[in-house]
Amino acid sequence: MTDLNPPPLRNDCFALPAGVNWTPVDEALVLLRDRLAPVTAVEEVAIGNALGRILAQDVAALRSNPPQANSAVDGYGFAGAISEGTHVLPLLQGRAAAGVPYAGVVPSGAAIRILTGAALPNGVDTVILEEDVNAQDGQIAFNGPLKQGANARKAGEDVVAGKIVLTLGRVLTPADLALLSAVGVSRVQVRKPLRVAVISTGDELVEPGQPAGVGQIFDANRPMLLAMARRFGAVTIDMGRIADDRAALRAALDSAAEQADVILTSGGASAGDEDHVSALLTEAGAMQEWRIAVKPGRPLALGMWQGAPVFGLPGNPVAAMVCTLVFARPAMALLAGAGWDDPQGFLLPAAFEKRKKPGRREYLRGRIREGRVEAFKSEGSGRISGLSWAEGLIEIQDGARHIQPGDPVRFIPFSSFGL
Ligand code: AMP
Ligand code: MG
C-alpha cells in the first residue's frame, strides 16, 4: 500500500454545468465534493508523528477500553448489591492497586482495599468510597444502600475490542492520539501531506522588505496563502512572484506541477489582457471559469496544469482569502484524502445592519463581541486590515435582502476553517 499513487484527476473535473450564469455556492461545492478524490500516497507512521495527519484506513480497537473492569475510586470492593441499613464486612489482607492486581478471590460477604484504576479482583463488582467507610480491626462498616456495580468501570464500557474507533479520512487530533493509544494502536496508515505550490502574479508586486516605487505594492497574498495551506496540513512550495508575462508564468506553472499536488495562484484569473493564469489554462484546454454567485470573489480560474489542479484565485486579498476558505480548502481536503467537511458555524444575533442583493451568497469579515456578531466597517475587497481584525466569516444566505441588528446570522470562526 505504501507509496501507491492514486490515479490522476480528469482534465474536466472542474467543469460547471453548462448554461448556468452564476452558479450558487452550494452547487459549486457539491460539484467539488463529487468530482475530487485523494491524490496523495499512503505511508505508515507511529502515532507520535501522526498529529494532523489524515487516516488512510479505518482503525479498529486492538484492545477494549478499559481492558478489564476496574475501580473508579479509592475505597473497598466486594460483591454488591447492598441493602439499606448498616453493614459490617470482614476486610481481607492485601489490596488491589492500579497496575498491581490482587491475585486471590474475594469471598462473598468479604471486602478488599482497592485503589482507583485497579482491576476488580475476582469476586468484586462493587466499590464503596473510602470516605463513606469506617475501617478498623480487620473490618469495615458503612451504610447502604449501594447499587451493584457502583463506582466500578465495566470492561469495554468505553470501547470494545474490534470496534472501528476512527474512520478513513479522519484528521487526527490530540484526543485521537489518546484514543488510539488506549486501544493499543501504535502505528497508522496515513496520507502523505498534500504538496501545495503558491504563485503570486502581477507586475505591481514587490517582495516585502524591498524598495517599492510608485504603482508598486507588496505581495500580501503569498505569505497568507502559504500560511493557510500550512494550517490545512499541507507541505508548501513557495514559487515566488511572477510578472504578468506568459512565458514566465508558464515556466512557473511547469515547475509547480512537477513539485506539487495542487497549485494556488493569485491574480490574473479574470479575462483581461493581463490575466495570464486564465489565458494559459485556456491554452492548455483545461480552463473553467467559475462564475460563482458570491461576494467577495470575482471569477475563479479552475483548471489542470500538467495533471495538477490549479486554483486561480482573485488578486484582491480579501477575495483570495474568502475563496480559499470557501472553495479551495474543502477541495484540498478531499485531494489530501480527508473527508468533506462543512465548516461549523453558529447562529448569533447581528450587531450590524446590511442590505444586499438577493441571489448571491455574501461573506463578511466578522467577530463575536458580547454574544453578538460584529462586521468589519468596510466591505472593500482590498481592505486587508479587516481580514486581520476578523476572527471569522459571517455567511449571509443567498436569499437574504436586509439584515437588521438582532437578526440571527451565521458566524463561522476561522478555527472552523482550520486556521
Ligand atoms: P488581479 O486579480 O490580478 O486583477 O488583481 C486584483 C487586485 O488585487 C489588484 O488591485 C492587484 O494589485 C491586487 N493584487 C493582486 N495580487 C496581489 C497580491 N499578491 N498581494 C496584494 N494585492 C494583490
Ligand atoms: Mg493582476
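The values are calculated or read from the model by the stated rules, or taken from the named source; none is laboratory data. Just so it is clear, the structure is predicted and the values come from calculations on it, not from any experiment. As a convention, Cβ positions derive from the backbone with ideal geometry for all residues, glycine included, and neighbour counts pool all protein chains shown. Surface areas here come from the heavy atoms of the whole protein model, side chains and all, with no ligands, DNA or RNA. Shrake-Rupley method; radii C 1.70, N 1.55, O 1.52, S 1.80 Å.
Of all the residues in the stretch 242-259, those that are within 30 Å of the chain's Cα centre (by Cα) and either surrounded by fewer than 20 Cβ atoms within 10 Å (Cβ to Cβ) or at pLDDT below 95 (or both) number 4. Is it fair to say LEU168 is open to solvent by 10 Å² or more (accessible area, probe 1.4 Å), more than 30 Å from ASP254 (Cβ to Cβ), touching a strand residue (DSSP E or B) at 6+ places or on another chain (Cβ under 8 Å) and of a type in the set (A, V, I, L, M)? Answer is yes for this residue.
Report yes if some residue within the stretch 173-186 is part of a strand (DSSP E or B) and surrounded by 13 or more Cβ atoms within 10 Å (Cβ to Cβ); otherwise report no. So that I can check it myself, show each step before the final result.
Quick first cut of the stretch 173-186, residues part of a strand (DSSP E or B) only: none.
Taking every residue of the stretch 173-186 in turn, none turns out to be part of a strand (DSSP E or B) and surrounded by 13 or more Cβ atoms within 10 Å (Cβ to Cβ).
The residues of the stretch 389-419 that are in a strand (DSSP E or B) and among the charged types (D, E, K, R), listed by number, are GLU395, ARG410. Residues that are in contact (Cβ under 8 Å) with a residue 12 or more places away in the chain and open to solvent by 50 Å² or more (accessible area, probe 1.4 Å) were ranked within the stretch 220-234; the one that is nearest to the chain's Cα centre (by Cα) is PHE232. Please tell me if GLY386 is of a type in the set (Gly, Ala, Ser), over 19 Å from ASP26 (Cα atoms) and in a loop (DSSP other than H, G, I, E, B). In short, no. Scanning the stretch 244-269 for residues that are under 17 Å from SER200 (Cβ atoms), in contact with a helix residue (DSSP H, G or I) (Cβ under 9 Å, 6 or more places away or on another chain), away from ligand 2 (no atom under 12 Å from the Cβ) and not basic (Lys, Arg) yields ALA248, LEU253, VAL262, ILE263, LEU264. Given the condition acidic (Asp, Glu) and either assigned by TED's automatic domain parsing to the domain that holds ARG222 or in contact with a helix residue (DSSP H, G or I) (Cβ under 7 Å, 6 or more places away or on another chain) (or both), answer yes or no: does some residue in the stretch 364-386 qualify? No: zero hits.
Screening the stretch 74-156 for strands (runs of 3 or more DSSP E) wholly inside it with 2 or more residues that are within 23 Å of SER64 (Cβ to Cβ) returns the ranges 126-129. Between ARG195, ARG241, ARG222, the distinction of being of a type in the set (D, E, K, R) and more than 16 Å from ligand 2 (Cβ to nearest atom) belongs to ARG195 only.
Residue selection: ALA79 satisfies the criterion of being aliphatic (A, V, I, L, M), under 18 Å from LYS154 (Cβ atoms), touching a residue at least 40 places away in the same chain (Cβ under 8 Å) and open to solvent by 20 Å² or more (accessible area, probe 1.4 Å). Once the stretch 332-378 is narrowed to residues that are over 28 Å from ILE263 (Cβ atoms), of a type in the set (D, E, K, R) and part of a strand (DSSP E or B), the residue that is most open to solvent (accessible area, probe 1.4 Å) is ARG355. Screening ALA110, ALA135, ALA119 for residues that are in contact with a Lys or Arg (Cβ under 9 Å, 6 or more places away or on another chain), in the same structural domain as GLY75 (by TED's automatic domain parsing), of a type in the set (A, V, I, L, M, F, W, C) and surrounded by 14 or more Cβ atoms within 10 Å (Cβ to Cβ) leaves exactly one candidate, ALA135.
Could we say that VAL294 is closer than 19 Å to VAL322 by Cβ, within 16 Å of ligand 2 (Cβ to nearest atom), open to solvent by less than 40 Å² (accessible area, probe 1.4 Å) and of a type outside the set (S, T, N, Q) here? No; evaluated as a whole, the condition is false for this residue.
For the stretch 275-285, a residue qualifies if it is away from ligand 2 (no atom under 11 Å from the Cβ) and surrounded by fewer than 22 Cβ atoms within 10 Å (Cβ to Cβ), and the qualifying residues are ALA279, THR282, GLU283, ALA284, GLY285. Applying the set (1) surrounded by fewer than 20 Cβ atoms within 10 Å (Cβ to Cβ); (2) more than 16 Å from ligand 2 (Cβ to nearest atom); (3) in a helix (DSSP H, G or I) to GLY162 leaves exactly one unmet item: (3). Being at pLDDT 95 or above, out of contact with any Cys (no Cβ under 8 Å at 6 or more places or on another chain), within 19 Å of ALA331 (Cβ to Cβ) and open to solvent by less than 40 Å² (accessible area, probe 1.4 Å) is a description that does not apply to THR23. Screening the stretch 199-311 for helices (runs of 4 or more DSSP H) wholly inside it with 2 or more residues that are more than 25 Å from PRO38 (Cα to Cα) and out of contact with any strand residue (DSSP E or B) (no Cβ under 7 Å at 6 or more places or on another chain) returns the ranges 246-259, 276-283.
With respect to the conditions (1) within 16 Å of ligand 2 (Cβ to nearest atom); (2) in contact (Cβ under 8 Å) with a residue 24 or more places away in the chain, GLY272 lacks only one, and its number is (2). Within the stretch 198-219, the residues that satisfy the criterion of being open to solvent by 70 Å² or more (accessible area, probe 1.4 Å) and either acidic (Asp, Glu) or more than 16 Å from ligand 2 (Cβ to nearest atom) (or both) are ASP203, GLU204, PRO208, GLY209, GLN210, PRO211, VAL214.
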